[in-house]
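Here is the structure we will look at, set down as structure tokens.
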Amino acid sequence: MPMNSNLLTAFIAITSAAVVLQMLVLLGIYLEMRRATSQVHGIALDFQRRTTPLIENARDILADATPKVKEITSNLTEASVTLKKQAATLGDTAVEMALRAKNKVAAADDMVTRTLERVEKTTGAVQNSVLLPVRRVNGILQGISVGIGAFLNQKREVREERKRGPNDEGMFV
């Protein structure tokens, strides 16, 4: 068994060396993790130190802006309601103006039509009352003129017959 005892001692020595090596590796991992944790903790503290004022400013801005946003929203709602009412009123006014304009155009058309009818009647009346007597007087004057012309022409013919004598009658063909 002496061989076994040496083997056993060698095995224990190798195992002991492996355990120590494992312990050293674990110690190295522990130390590295501690160093990395320390760095991450430092980075986290730096990040927190830098972002805390930003977050506080954002909170202050949000706290300050919230009532203003509510007021703006309220004003926009009121303005929207007012604009809707004014648009409806404007539409009603436009319809009313269109109806009034249509009525005025119809009234103007009626007035122009009546005026033209009156001018036509007046023209007819003027023709009947002024031109008809003028035509009658003109006809009478023409009759008198023709009568005088015929009378004067008859005297002329008598004078010409006396001048011609009896020999002239056969020459007329």
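Fully extending the segment from residue 60 to residue 77 would add 3.5 nm, taking 0.36 nm per residue of separation and subtracting the current Cα-Cα distance.
Computed from phi, the 3J(HN,Hα) profile of the range 105-121 under the Karplus parametrisation 6.51, -1.76, 1.60 (θ = phi - 60°) reads 5, 5, 5, 5, 4, 4, 5, 5, 5, 4, 5, 5, 5, 5, 4, 5, 5 Hz, with x in place of Gly and Pro. About its Cα centre, the chain has a charge dipole of approximately 880 debye under the convention of +1 per Lys or Arg Cβ and -1 per Asp or Glu Cβ, with nothing else charged.
What the range 1-78 shows is 91 Å² of accessible area per residue, with the surface traced by a 1.4 Å probe over protein heavy atoms.
For the chain, with a Gaussian network of springs between Cα atoms less than 10 Å apart, report the residue from 12, 29, 43 with the top mean-square fluctuation. The residue with the greatest mean-square fluctuation here is 12. Equivalent ellipsoid of the range 37-94: semi-axes from √(5λ) of the C-alpha gyration tensor, largest first, are 53, 10, 5 Å. Mind checking which of 99, 7, 26 is farthest towards the positive end of the chain's charge dipole, using Cβ charges of +1 (Lys, Arg) and -1 (Asp, Glu) about the Cα centre? Positive-end residue among those listed: 99.
Where [x] 2.58; [y] 4.32; [z] 1.20 are the candidate values, the label of the one calculated here for Cα Rg over 2.2 N^0.38 Å is [y].
Projecting the Cα positions of 83, 134, 112 onto the charge dipole of the chain (unit charges on Cβ atoms of Lys, Arg, Asp and Glu, taken about the Cα centre) puts 134 furthest along the positive direction. Extending 7 Å from Cα along the Cβ direction at residue 38 and again at residue 50 yields two label points whose distance is 2.2 nm. Result for the chain in a Gaussian network model with C-alpha springs under 10 Å: among 131, 76, 26, the largest mean-square fluctuation is at 26.
Rounded to the nearest angstrom and listed largest first, the equivalent-ellipsoid semi-axes of the range 61-134 from its Cα gyration tensor are 69, 8, 4.
The values are calculated or read from the model by the stated rules, or taken from the named source; none is laboratory data. Keep in mind it's a predicted model, so treat the numbers as computed, not measured. Every residue, glycine as well, gets a Cβ built from its backbone with ideal geometry; the counts of neighbours run over all protein chains shown. The protein model used for the area step is the full one, side chains on, heavy atoms only, and it has no ligands, DNA or RNA in it. Shrake-Rupley method; radii C 1.70, N 1.55, O 1.52, S 1.80 Å.
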